[in-house]
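The values are calculated or read from the model by the stated rules, or taken from the named source; none is laboratory data. These figures come from a predicted structure and were not determined experimentally. When we count neighbours, we look across all protein chains shown, and the Cβ atoms used for this are built from the backbone with ideal geometry, even at glycine.
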Amino acid sequence: MAADLLDRSALTLRDDVAVGRVSAVEVCQACLARAQAANVALNGFNLIAAERALARAEQIDRQRAAGEPLGPLAGVPIALKDNLSVRGMRTTASSRILEGYVPPYDATVVRRLEDAGAVILGKTNCDEFAMGSSNENSAFGPVRNPWALDRTPGGSSGGSAAAVAARCVPIALGSDTGGSVRQPGAFCGVVGLKPTYGRVSRYGLLAFASSLDQIGPLTRTAADAALVLSVIAGADPADATTSREPVPDFGAALTGEVTGLRIGVPRAFVGADPPSGAGAVTTGLDEGVRRAFEQALGDLERAGASVVEIALPHAQYAIPVYYLVATAEASSNLARYDGVKYGYRSTGTKDQNLQTMYSRTRDEGFGAEVKRRIMLGTYVLSAGYYDAFYLKAQQVRTLLRRDYDRAFEHVDVVAMPTSPTPAFRLGEKTDDPLQMYLADVFTVSAPLAGLPAISVPCGFSDGLPVGLQLTGRLFDESTLLRTADAYERLTNWHTQAPPLPPH
Ligand code: GLN
């Protein structure tokens, strides 16, 4: 019973709770037990808020008993990446510098989820301030991939992806700046959606790179991603970067139809080995990933879609552009952690003055990768280098966006593998930041262009999950979700579960 409960989608669970087939408390208890058991091996949670979750679940059951209307996520457990603020719940961004920080307010997404009846189970481990591709840059230690414990779950939303894959929760939220929802989704065999820039409020998200950050769901089905997006999307007076674009019923878009859908594949970029221009990067595409990707395109073609070749001539520069823009913005955003207003403060020594307090706090509070990015970002923004690096990166960013504009004149979605390789080994890239950055080669261009993108499980390479990434037009998450859902109806990759701890 409990094991079967844990396999159910959020849609099924909320229907089951609504008709009384199962109580919200039973669902919550099953998820808590699984989360606690799985956490020993996976380290996916920074915090499991059992008491709070059970109290919320009891409240949902009381509402149902009283015949009160229930929200679209009533009784559905959810895990939140630990860079999302929940009032009264420790929030760390997996950084020592936020030690002891308890937010006095809720992120807008948290408010909307709880208003919809979702039950927050806890906070998930991630790379410190969402900077990383392997979840190894965490003050709480790495997360392990449920498919292979010696592998990374991806990053930076590694804990959220691992928790959904290991059936601790049906749904989780992550944040995606350069791939942090989609790449861990691919590595753990779950769906990850990065909405259009401006689609979802970032109020209460601990900022990394503000022109790129978006919050998105990790789920086991495209239908659940549609459900979560419908709840969290929409304008928010507390976040001026949110769009007034109407929010469609994303669930209603899931027709199962892909007939006539035009899928663009940037073949020269996906297979680029060796790189084609000065400053270009090699994608290092794994053979098993390539095979799964081609097979997925074939499946969609047989279902009535057409696959056409497109060019994204500037995509080969997306990695350098991303790591200039993101570090510049990070260096500015992270200036606020000075030991005065939040979290950790160095206790210092007798000679401590304000300046040494700042620098000791930041030296002791930030991890190595965050420091590297603050230094890189400060450098690229400094007088004399701004034009050569930051400004140039912004210009190439515009060119990349135009590549997509041009492509979308002919196609409805752009397909690429989510990551050039399946999950790599823990420790494999930690000594070589450049290799780590290159793992993001296929994910960074969508956020640079502001576009929505989804990763959906599309097979395995050497027993490890592979993700198919689809990028869409601005605010056209519906087409991405429809395509991903239709693909799930053609295949059963999304139903595969990793070996699970006994329950
Ligand atoms: N891996 C990328 C980075 O390290 C993306 C991170 C993210 O999307 N938050 O910056």
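Worth a mention:
- Verdict on residue 195 being crowded, with 24+ Cβ neighbours inside 10 Å and farther than 19 Å from residue 478 by Cα: no
- Out of 151, 144, one residue alone is among the charged types (D, E, K, R), under 12 Å from residue 44 (Cα atoms) and away from the ligand (no atom under 14 Å from the Cβ). It is 144.
- Look at the stretch 147-170: where a residue is basic (Lys, Arg) and a partner is part of a loop (DSSP other than H, G, I, E, B), sitting 6+ places away or on another chain with Cβ atoms under 7 Å, you get 151/423; 151/424; 151/426; 167/497; 167/500.
- Selected residue (criterion: surrounded by the fewest Cβ atoms within 10 Å (Cβ to Cβ)) from residues of the stretch 353-397 that are acidic (Asp, Glu) and more than 16 Å from the ligand (Cβ to nearest atom): 387
- Taking first residues from the stretch 17-40 that are within 13 Å of residue 2 (Cβ to Cβ) and partners that are of a type in the set (Lys, Arg), the Cβ contacts under 8 Å between residues at least 6 apart in sequence or on separate chains come to 28/56; 34/167.
- Whichever residue in the stretch 429-481 is free of Cβ contacts under 8 Å to residues at least 40 places away in the same chain and under 23 Å from residue 148 (Cα atoms) and, among such residues, is surrounded by the fewest Cβ atoms within 10 Å (Cβ to Cβ): 431
- Looking across the stretch 86-127, the residues that are surrounded by 24 or more Cβ atoms within 10 Å (Cβ to Cβ), not β-branched (Val, Ile, Thr) and not in a helix (DSSP H, G or I) come down to 93, 94, 95, 107, 117, 118, 121, 122, 123, 125, 126, 127.
- Verdict on residue 472 being away from the ligand (no atom under 16 Å from the Cβ), of a type outside the set (A, V, I, L, M, F, W, C) and touching a Ser or Thr at 6+ places or on another chain (Cβ under 7 Å): yes
- Evaluation of residue 281 against the conditions (1) at pLDDT 95 or above; (2) surrounded by 16 or more Cβ atoms within 10 Å (Cβ to Cβ); (3) assigned to a loop (DSSP other than H, G, I, E, B); (4) of a type in the set (Val, Ile, Thr) shows that the sole unmet condition is (1).
- If the condition is being in contact (Cβ under 8 Å) with a residue 60 or more places away in the chain and away from the ligand (no atom under 16 Å from the Cβ), then the stretch 319-338 contributes only 337.
- The sole residue among 245, 294 that is at pLDDT 95 or above and not in a loop (DSSP other than H, G, I, E, B) is 294.
- Of residues in the stretch 1-47 being surrounded by fewer than 23 Cβ atoms within 10 Å (Cβ to Cβ) and assigned to a loop (DSSP other than H, G, I, E, B), the one modelled with the lowest pLDDT: 1
Conditions (1) within 9 Å of the ligand (Cβ to nearest atom); (2) farther than 15 Å from residue 419 by Cβ, marked per residue:
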site	(1), (2)
110	no, yes
124	no, yes
132	yes, no
139	no, yes
164	no, yes
175	yes, yes
185	no, no
193	no, yes
196	no, yes
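- Filter result (closer than 12 Å to residue 415 by Cα, of a type outside the set (Val, Ile, Thr) and either outside any loop (DSSP other than H, G, I, E, B) or within 21 Å of the chain's Cα centre (by Cα) (or both)) within the stretch 307-331: 309
- All positions within the stretch 423-454 that are of a type in the set (S, T, N, Q) and within 11 Å of the ligand (Cβ to nearest atom): 443
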